[in-house]
Amino acid sequence: MLTIDPSVLKQSRLLLNSGPYKVGDSVAVHVSLPKERVDQATRRPTVEIEYVLRDTRLDNQKQIGRQMEDWSAATDAGGGLTVSRVLDTRALPAGIYELQIRIRDQVSRQQASVKNGFLIVE
């Protein structure tokens with residue numbers, strides 16, 4: 001499972017707490033937003049989150065996947081929001097991949113990016 005806790009955008013971090021993964025395993029990603037990053041009137045986040053997956057086996061670290069968070073799986077986490085996403089690895093060959101999370105605060109216009117690699121084995 002990969003976990004991101006962007007309580008302060010500049011101190012965002014991406015933690016990889018299990019692995020390596022086998023081809024076909026699902027990689028779970030969780031993003032927790034404190035209440036300061038949630039509009040209290042609408043209960044919608046004030047940030048945009050983008051997931052970018054790169055294949056590091058290629059010289060240019062080719063981007064092989066990109067998705068924006070749609071917040072459909074958001075849950076209330078005691079004053080903040082948590083979103084979870086599962087990366088399907090069935091179409092990925094064994095190798096080292098990099099997951100980058102881009103976070104942009106719509107109010108302050110601050111941006112942060114965190115990334116970490118993970119290994120998929122046969």
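Counting only residues that are in a loop (DSSP other than H, G, I, E, B) and either surrounded by 15 or more Cβ atoms within 10 Å (Cβ to Cβ) or out of contact with any Ser or Thr (no Cβ under 9 Å at 6 or more places or on another chain) (or both), which one in segment 11-38 is modelled with the lowest pLDDT? Even if it seems obvious, please write down each step before you answer.
Step one: list which residues in segment 11-38 are in a loop (DSSP other than H, G, I, E, B), which gives 12-13, 17-20, 23-25, 34.
Now narrow it down to the ones that are either surrounded by 15 or more Cβ atoms within 10 Å (Cβ to Cβ) or out of contact with any Ser or Thr (no Cβ under 9 Å at 6 or more places or on another chain) (or both): 12, 18-20, 25, 34.
On the way: Ser12: 41, Ser18: 67, Gly19: 73, Pro20: 84, Asp25: 87, Pro34: 67.
Looking at residues that are in a loop (DSSP other than H, G, I, E, B) and either surrounded by 15 or more Cβ atoms within 10 Å (Cβ to Cβ) or out of contact with any Ser or Thr (no Cβ under 9 Å at 6 or more places or on another chain) (or both), I get Ser12.
So Met1 fits all but one of (1) at pLDDT below 75; (2) aliphatic (A, V, I, L, M); (3) under 25 Å from Gln106 (Cα atoms); what number is the exception?
(3)
If you go through segment 44-51 one residue at a time, do you hit one that is at pLDDT 80 or above and of a type in the set (Lys, Arg)?
No, because not a single residue in segment 44-51 is at pLDDT 80 or above and of a type in the set (Lys, Arg).
Within the set of pairs 6+ apart or on separate chains, which have a first residue in segment 42-69 that is under 15 Å from Val29 (Cβ atoms) and without any contact (Cβ under 8 Å) to a residue 40 or more places away in the chain, a second that is among the aromatic types (Phe, Trp, Tyr) and surrounded by 12 or more Cβ atoms within 10 Å (Cβ to Cβ), and C-beta atoms under 9 Å apart?
The qualifying pairs are Gly65/Tyr51; Arg66/Tyr51; Gln67/Tyr51; Met68/Tyr51; Glu69/Tyr51.
Please determine whether any residue of segment 91-104 is modelled with pLDDT of 75 or more, touching a Phe, Trp or Tyr at 6+ places or on another chain (Cβ under 8 Å) and of a type in the set (S, T, N, Q).
Among the residues of segment 91-104, at least one is modelled with pLDDT of 75 or more, touching a Phe, Trp or Tyr at 6+ places or on another chain (Cβ under 8 Å) and of a type in the set (S, T, N, Q), which makes the answer yes.
Which of the strands (runs of 3 or more DSSP E) found entirely inside segment 39-118 contain at least 2 residues meeting this: crowded, with 17+ Cβ neighbours inside 10 Å and under 14 Å from the mean Cα position of the chain (by Cα)? Working first, answer last.
Working: elements: 47-55, 63-68, 81-88, 95-105.
By residue number, 47-55, 81-88, 95-105.
Among the residues of segment 104-122, write down those that are in contact with a Leu (Cβ under 9 Å, 6 or more places away or on another chain) and either more than 30 Å from Tyr21 (Cα to Cα) or among the β-branched types (Val, Ile, Thr) (or both).
Within segment 104-122, Asp105, Ser108, Gln110, Val114, Ile120 qualify.
Name the one entry in Asp105, Asp76 that is among the acidic types (Asp, Glu) and without any contact (Cβ under 8 Å) to a residue 40 or more places away in the chain.
Values: Asp105 fails: without any contact (Cβ under 8 Å) to a residue 40 or more places away in the chain.
Just a single option satisfies the conditions, and that option is Asp76.
The values are calculated or read from the model by the stated rules, or taken from the named source; none is laboratory data. Keep in mind it's a predicted model, so treat the numbers as computed, not measured. FYI the Cβ positions are ideal-geometry reconstructions off the backbone, even for glycines, and counts take in every protein chain you see.
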